[in-house]
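In what follows, a single structure is set out as structure tokens and then discussed.
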Amino acid sequence: MAAEERKQRQAGAFWEQTAAQALAEQQAPEGELQGGTDVQRMLKKLSREEEAILNLIPGGVMQCRNDGRYTIVEMNEGFLGMFGFTKEELVEQFQNQFLAMIHPADRQNFLMEVDRQLNRGDRLSLSYRILCRDGSYKWTASSAKLFGNEREERFFCIFLDLTEVRDAQEKLRLSLEHLEIIMNQSSDIIFEWDFAADTIAYSPNWLEKFGYPPHYDGSLPKEELFCHFHPEDVEPMAELMREAKKGVANAVVDVRIRNAKDQYIWCRIRAATQYSAEQRPLRAVGTISDIDEEKRLVEDLRRRAELDALTGLYNHAETERRAGLYLEGRPETICAMFIIDVDNFKQVNDGQGHLFGDAVLAELAAGMKKLTRKSDVIGRIGGDEFAIFLKDVPTAQAAEEKALKLLDLFQHLFQGEKQPVEVTCSIGLAVYPWDGRDYQALYHCADLALYQAKSQGKNQYARFDEKRMGAMDRIGYSSLGAAIDSDQNTNGGNLVNYVFQILYDTADIDAAVDAILEIVGRRFDVSRAYVFENSASGEYTDNTHEWCNEGILPQKALLQHYPYEKVQGYEELFRDNAVFYCRDVHSLTPAQTALFESQGICSTLQCALYHGKRFCGFIGFDECTGLRMWNKEEIGMLSLVAQLVTTFLLKKREADRNEQIMVQLNTILDMQDAYIYAIRKENYELLYLNQKTLQLDPGARVGMTCHRAFFGRELPCETCPLRGATEVYNPQYGVWARVRYSAMKWGDSDAYLINCADITEYKRLQGS
């Protein structure tokens with residue numbers, strides 16, 4: 001035992017001995033008193049060393065009468081120093097009544113506890129608040145013993161300051177509540193795979209998610225072991241398990257798991273391997289996360305990136321990719337390539353407007369879908385040009401018959417309209433394998449055939465003939481050389497696919513967004529491209545990403561923490577499909593106009609970012625060199641790019657926030673001067689241990705039972721706090737702890753959170 005500890009115990013024992021002697025003298029018959037009846041006289045007999053020891057007791061020491069008001073008789077310097085009063089002030093302010101110093105809210109409980117504990121013996125152990133000289137209240141723990149007889153009884157008390165402990169407990173309580181909220185929001189399934197036993201334990205929410213209890217039997221064949229997995233995902237799942245058993249630290253796989261309704265749900269399985277002291281892989285722990293919505297969103301975005309916005313057909317890039325991929329397989333059947341051009345379509349646009357022209361193209365696309373199979377490839381490859389790739393055609397003659405049906409479709413599609421519409425088309429046809437064996441060759445031949453059909457009077461088809469069309473080939477003719485109003489955007493599909501791939505493959509979303517802004521900005525020749533992200537309250541917005549074309553001044557540094565109140569009604573600008581398009585900024589409100597003018601903006605196109613229904617920012621494209629009119633396809637393309645960026649960027653921001661919160665909470669828990677751990681309700685299994693607990697016992701770990709980890713017992717302890725014990729002694733560590741617990745949800749598990757405050761020193765002072 002350290003010297004200080006010996007002094008403290010000596011002081012406590014000495015004080016009790018002194019007090020008992022004083023009372024004995026006071027209660028002795030007259031004439032038998034030796035030194036007087038007053039405790040003060042007794043104290044005067046103390047040696048200097050004994051007085052010093054008495055004043056070394058941490059906290060304070062006090063003697064009071066058991067008279068209902070607990071009148072103070074004597075106290076040491078520690079008592080006065082703890083609460084800041086002098087002896088004179090105690091008399092003046094409280095008339096030496098200790099009860100008056102106790103917080104009004106604690107007095108009733110104090111009196112009840114004194115009565116209750118005295119019924120069991122002559123010792124008290126209490127915790128309550130005491131008034132200090134500066135007007136604050138200090139939490140104290142007091143230990144008291146009753147001396148005396150019928151004539152007079154006195155308490156001799158030792159006080160310890162618990163204010164810091166209580167403050168820490170309150171902060172811990174709030175942080176744990178925060179942690180509980182976050183944990184309860186998680187729907188991830190947790191699993192643990194024991195390699196030696198070849199068993200997998202799952203958290204209870206598996207049943208809630210999939211509708212049937214989990215089952216694992218490593219002895220089953222792979223087909224039965226993974227019977228709930230999609231057939232295409234069995235091998236990737238088996239590979240993850242092989243990697244984990246080999247000792248690969250971390251593994252991730254996306255798979256589809258079937259639920260009780262026979263529906264497949266996309267899940268992301270993450271597994272981390274744990275090792276023995278000899279670095280042998282022991283087990284894998286991990287999570288199963290529902291990413292079905294994310295996968296479907298990504299697939300929807302991918303699908304939209306493949307399609308032409310107006311007609312719903314494949315765009316030029318996707319048409320080429322799908323047809324080319326099929327031809328790379330060297331099919332043994334006949335295939336046919338049609339290049340279709342609407343005759344005199346410019347006259348339709350000029351005579352009846354672009355909106356009417358768009359409606360005509362949409363109807364033509366719908367008609368072509370009816371004449372083809374789902375397995376065929378139909379795409380819009382230009383403003384009024386289409387391509388059809390037919391797979392598995394019976395004969396070349398059948399391909400020509402299909403061309404005739406297409407001509408008839410175009411001629412009669414708008415019959416019966418109130419307003420007469422005459423639409424015809426010209427078709428170029430090339431047949432695999434005779435006219436070409438890859439996409440580029442086949443497309444080239446069909447393109448030459450289209451020129452032949454147009455040169456012969458339009459409204460007809462022509463099949464590629466090498467002899468007749470060799471001259472055109474030699475001069476390098478291509479029908480796509482004809483200028484049409486939307487030809488400049490025929491590579492839009494390539495752009496969106498490229499953007500999607502950058503976002504999907506990158507590990508650094510912020511760097512990817514910067515690159516995408518430059519790519520899109522240069523592609524559409526805008527002055528500036530940027531991203532604004534709103535604060536959590538929505539009151540401010542920050543310019544987080546920016547790209548500027550040559551000669552355009554950056555604005556990012558000037559647009560940080562910008563308040564929306566300066567341009568009220570800004571969100572209302574995004575009314576039309578979350579797009580704000582302004583050809584001339586002078587048409588806006590004065591405040592909005594001033595904002596744009598200060599940045600040199602003449603025209604702008606902005607796409608809102610939404611997280612659910614919450615407006616959380618926007619992506620913008622500015623023109624600073626003059627007024628600009630964006631066409632429908634440009635707006636559609638930029639909107640799609642904005643949605644792609646939004647999906648990935650917001651997901652990254654949410655992940656960053658959650659990670660930051662978890663780091664903060666773990667830091668808070670690890671800094672607490674208490675042993676904190678969580679156990680599963682039904683089986684005492686450890687779910688969490690804070691740093692102080694791990695320092696006490698580095699061998700304790702999640703998955704062990706608490707009685708096994710901390711007491712070396714196979715069965716729960718008789719002194720378990722869950723059975724009513726409030727103070728527990730652990731002989732393994734020589735530690736006394738005051739224990740509190742509360743029922744809560746830890747993740748998806750019903751659990752108890754255990755808080756053990758170290759009171760070993762306090763117990764030593766009591767002589768326990």
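A few notes on this one:
- Ranking of E385, E150 by count of other Cβ atoms within 10 Å, fewest first: E150, E385
- Most tightly packed first, judged by the mean number of other beta-carbon atoms within 10 Å of their residues, the peptides 113-125, 500-512, 445-457 read 445-457, 500-512, 113-125.
- Anisotropy class of the range 506-658 from Cα gyration tensor, a/c 1.5 cut: rounded
- In this structure, R151 and A277 have a Cβ-Cβ separation that, at R0 = 51 Å, corresponds to a calculated FRET efficiency of about 0.15.
- Taking every alpha-carbon pair under 8 Å whose residues sit at least 6 apart, the range 232-340 reaches a relative contact order of 15 percent.
- Summarising the label geometry, the points placed 7 Å from Cα in the beta-carbon direction at S187 and Q117 lie 5.1 nm from one another.
- Under 10 Å, Cβ to Cβ, from C602 - net charge with Lys/Arg +1 and Asp/Glu -1: -2
- Of K632/K652; K556/K613; K87/K763; K613/K651; K651/K745, those spanning more than 19 Å from alpha-carbon to alpha-carbon: K632/K652; K556/K613; K87/K763; K651/K745
- A105 sits among other residues whose Cβ lies under 15 Å from its own Cβ, and their net charge, with Lys and Arg +1 and Asp and Glu -1, is +2.
- Sequence-distant contacts, meaning Cα pairs under 8 Å at least 6 residues apart, place the relative contact order of the range 530-595 at 22 percent.
- Gyration tensor (alpha-carbon) shape descriptor, the range 527-608, a/c threshold 1.5: rounded
- Rough spin-label spacing in nm, given labels placed 7 Å along Cα→Cβ, for Q263 and W434: 5.1
- Value of relative contact order over the range 673-766, rounded to a whole percent, pairs C-alpha under 8 Å and six or more apart: 29
- As a proxy for reagent exposure, Y212, Y677 were ordered by neighbouring Cβ count within 10 angstrom, fewest first; the result is Y212, Y677.
- Between V234 and A511, the FRET efficiency estimated from the beta carbon spacing at R0 = 30 angstrom works out to 0.25.
- Residues C132, C616, C607 arranged by fewest to most Cβ contacts within 10 Å: C132, C616, C607
- Most to least packed among 535-542, 705-712 [average Cβ atoms within 10 Å]: 705-712, 535-542
- Per-pair calculated FRET efficiency, R0 = 56 Å: T424 and I291 via Cβ, rounded to 0.05: 0.70
- Packing here is the average count of other Cβ atoms within 10 Å per residue, and on that basis the peptides 97-103, 588-594, highest first, run 97-103, 588-594.
Computed from the coordinates by the stated procedures, all read-outs in this text should not be read as laboratory data. Keep in mind it's a predicted model, so treat the numbers as computed, not measured. Using ideal geometry, Cβ is built from the backbone for each residue, glycine included, and neighbour counts are taken over all protein chains shown.
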